[in-house]
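Reviewing the structure listed below.
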Amino acid sequence: MTDLILTGGTVVNEGARAHADVAITDGVISAIGLPGTLGDAAEIVDVTGLHLIPGGIDMHVHFREPGYTHKEDWETGTQAAAMGGVTTVFEMPNTHPPTRSVKEFREKQALAEKACVDYGIYGLLAEDNIDEIPGLIEAGVNAFKCFMGNTFGNLPSPSTGAMLEGFEIIAPSGLRISLHAETASIMAWRQAKLEAAGKNSPLYHIAARPEVVAIEAVARAAILAEWTGARVHVLHISSAGELRPLAEAKTRGVDITGETCPCYLFLDSSDYDRLGSVIRVNPPVREKKDSIAIWEALQSGVVDMIATDHAPHTPEEKTNDIIWKADCGFPGVETQMPLMLSEVAAGRMTLEHYVRISSANPARAFGMWPAKGRIAVGAQADIAVLDMAREEVIRAERLHSRGKITPFEGRKTTGAPIHTIVRGRFVQRDRTLCDGVRGHGRQVTAIQKMPTPTPRNTDQSLAALLQQQEAAE
Ligand code: DOR
Ligand code: ZN
């Protein structure tokens, strides 16, 4: 017996759309057919006039648990995701303690069991946990995170030496390494000088982290990825300049993907005065020319996906006259889809292309395709049901995140996910969280075993010589 049929809607995948009904059985899409042709089901929901897209897959959220649960936890964070049409999140390791060992990974897995949407868990790649990495891979982390630049949590950035060794160890697993691509040493130098000179206003945050920190970090990481065959992902692309090393690396055949976040598309340096320290985020929101270039790259495919860097803090932590003392980041997992759908409504992007960047591309890059990222028979039934005409206003106090402060306060949006379905179950319905869904979320497994990439470092003659020498010793 079919569990659920969604009837009368328009199904939109990355490549096509159709008026079609969708049947779901045991959490999986069991049939897609012309309206009214799929027979009976335990529940039939009329979605006439609405659009069905694959649920959002957000590769970049900070849910703060363990350690900073006054900012967020796995329950509130995944509730915010459900409200935002997001059915899968990947959670970052800069918790307290960080996710840098098998023990800490297991502890986070236990905490995550209360999630209401599906999730992946990042392991940390840092200077001091290289020996832990094989264990983390074996234990089942979904990806790795490497902080090339410091940010919230102040995890020390690994040296290039440690990074290279980490890449060498991770590469054969096929797991992707996501990079906070800002070079720590440049930023520390700049910020110390600005602070010493008493330069404390918000715009100096950009001066402390000029575009070159991102350009240098992306270029360096791409070289290490090419050398080792590691798959990498550039998080939160903020500048026009870093698009060039990203595109060049893709041209060279490096398996490199990139994401941007709404703040880099919708805000720029002209907003610092109005927003003050609320806008502080790493990397910083930059110039108008940067957001224009990132929009173009998102359209052309140089930037592969939209994520949020959902980074909740309390209003007190975010508000300070001295920019260096305000916490960086803000919540985003709940507002990304309405913000982007507004651009679809305005004709800036097709809904098909939005599906590509919000769901299909992340699913492919992180090993979840074809089980996730599309509405198709056999795929998991992760669906956001959209009302493309629904108008809302973003209000921090109404966010489901604990981080009740956002730079998008008061912004009008057109288009919203009015239901969110995770593996066949409503977790959000009619803009309201559903009861009894605590714990419905599961950690995604490496559904598709990704082939091991080929390293550039194929020079085996030195390795052979060294082996002979060691054998003789
Ligand atoms: O602004 C940021 N905040 N950028 C990051 O990379 C981390 C995040 C956080 O965890 O607060
Ligand atoms: Zn982040």
>> For segment 220-270, which positions are of a type in the set (A, V, I, L, M, F, W, C) and at positive phi?
In response: none
> Of everything in segment 307-334 that's of a type in the set (A, V, I, L, M) and within 14 Å of ligand 2 (Cβ to nearest atom), which residue is nearest to residue 418 (Cα to Cα)?
Replying inline: 333
> Among the candidates 99, 88, 69, which residue alone is within 16 Å of ligand 1 (Cβ to nearest atom), touching a Lys or Arg at 6+ places or on another chain (Cβ under 7 Å), modelled with pLDDT of 95 or more and on the phi < 0 side of the Ramachandran plot?
Replying inline: 99
>> Can you tell me how many residues within segment 125-156 are within 30 Å of residue 420 (Cα to Cα) and within 18 Å of the chain's Cα centre (by Cα)?
In response: 5
> Going through segment 245-262 one residue at a time, which ones are β-branched (Val, Ile, Thr) and either within 20 Å of residue 308 (Cα to Cα) or within 16 Å of ligand 2 (Cβ to nearest atom) (or both)?
Replying inline: 256, 257, 260
>> Residues that are at pLDDT 95 or above and under 22 Å from residue 67 (Cα atoms): list the helices (runs of 4 or more DSSP H) wholly contained in segment 115-200 that include at least 1 such residues.
In response: 133-139
> How do the strands (runs of 3 or more DSSP E) wholly within segment 46-93 filter down when requiring 3 or more residues that are within 16 Å of ligand 2 (Cβ to nearest atom) and either without any contact (Cβ under 8 Å) to a residue 12 or more places away in the chain or not charged (D, E, K, R) (or both): which remain?
Replying inline: 56-61, 86-91
>> Which residue is surrounded by the most Cβ atoms within 10 Å (Cβ to Cβ), if the candidates are limited to segment 122-140 and must be within 25 Å of residue 55 (Cβ to Cβ) and out of contact with any helix residue (DSSP H, G or I) (no Cβ under 6 Å at 6 or more places or on another chain)?
In response: 122
> Among the candidates 95, 7, 48, 78, which residue alone is within 25 Å of residue 356 (Cα to Cα), among the polar types (S, T, N, Q) and under 20 Å from the mean Cα position of the chain (by Cα)?
Replying inline: 78
> Which pairs have Cβ atoms under 7 Å, sit 6 or more apart or on different chains, and link a residue in segment 101-113 that is in a loop (DSSP other than H, G, I, E, B) to one that is surrounded by fewer than 19 Cβ atoms within 10 Å (Cβ to Cβ)?
Replying inline: 113/439
> Just for segment 313-329: of the residues that are in contact with a His (Cβ under 7 Å, 6 or more places away or on another chain) and not acidic (Asp, Glu), which one is surrounded by the fewest Cβ atoms within 10 Å (Cβ to Cβ)?
Replying inline: 314
> How many residues are β-branched (Val, Ile, Thr) and either surrounded by fewer than 24 Cβ atoms within 10 Å (Cβ to Cβ) or at positive phi (or both) if we restrict to segment 424-441?
Replying inline: 2
> If you go through segment 375-387, how many residues are surrounded by fewer than 24 Cβ atoms within 10 Å (Cβ to Cβ), assigned to a loop (DSSP other than H, G, I, E, B) and not β-branched (Val, Ile, Thr)?
Replying inline: 3
> With 229, 253, 241 as the choices, which residue is at pLDDT below 95 and touching a helix residue (DSSP H, G or I) at 6+ places or on another chain (Cβ under 6 Å)?
Replying inline: 229
>> Please go through segment 389-423 and give me each residue that is buried (at least 16 other Cβ atoms within 10 Å of the Cβ), among the hydrophobic types (A, V, I, L, M, F, W, C) and touching a helix residue (DSSP H, G or I) at 6+ places or on another chain (Cβ under 9 Å), ordered by number.
In response: 394, 396, 399, 405, 408, 416, 422
>> Looking at segment 13-45 only, could you name the residues that are in contact (Cβ under 8 Å) with a residue 60 or more places away in the chain and among the polar types (S, T, N, Q)?
In response: 13, 25, 30
> Applying the selection to segment 362-397, what residues are in contact with a strand residue (DSSP E or B) (Cβ under 9 Å, 6 or more places away or on another chain) and free of Cβ contacts under 8 Å to residues at least 24 places away in the same chain?
Replying inline: 364, 391, 393
>> Checking residue 242 against (1) over 21 Å from residue 308 (Cβ atoms); (2) among the charged types (D, E, K, R); (3) buried (at least 24 other Cβ atoms within 10 Å of the Cβ), only one condition comes out false. Which one?
In response: (1)
> Of all the residues that make up segment 209-239, how many are in a helix (DSSP H, G or I), surrounded by fewer than 24 Cβ atoms within 10 Å (Cβ to Cβ) and without any contact (Cβ under 8 Å) to a residue 60 or more places away in the chain?
Replying inline: 6
> Filter segment 335-365 for residues that are closer than 24 Å to residue 272 by Cα and within 16 Å of ligand 2 (Cβ to nearest atom); which is surrounded by the most Cβ atoms within 10 Å (Cβ to Cβ)?
Replying inline: 335
>> If I ask for residues that are among the polar types (S, T, N, Q) and at pLDDT 75 or above, which ones from segment 420-456 would you list?
In response: 420, 428, 432, 443, 445
>> Checking residue 45 against (1) surrounded by 22 or more Cβ atoms within 10 Å (Cβ to Cβ); (2) touching a Leu at 6+ places or on another chain (Cβ under 6 Å), only one condition comes out false. Which one?
In response: (1)
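The values are calculated or read from the model by the stated rules, or taken from the named source; none is laboratory data. Quantities reported herein were computed from a predicted structural model and do not represent experimental measurements. Don't worry about glycine lacking a Cβ; one is built from the backbone with ideal geometry, like all the others, and counts go over all protein chains shown.
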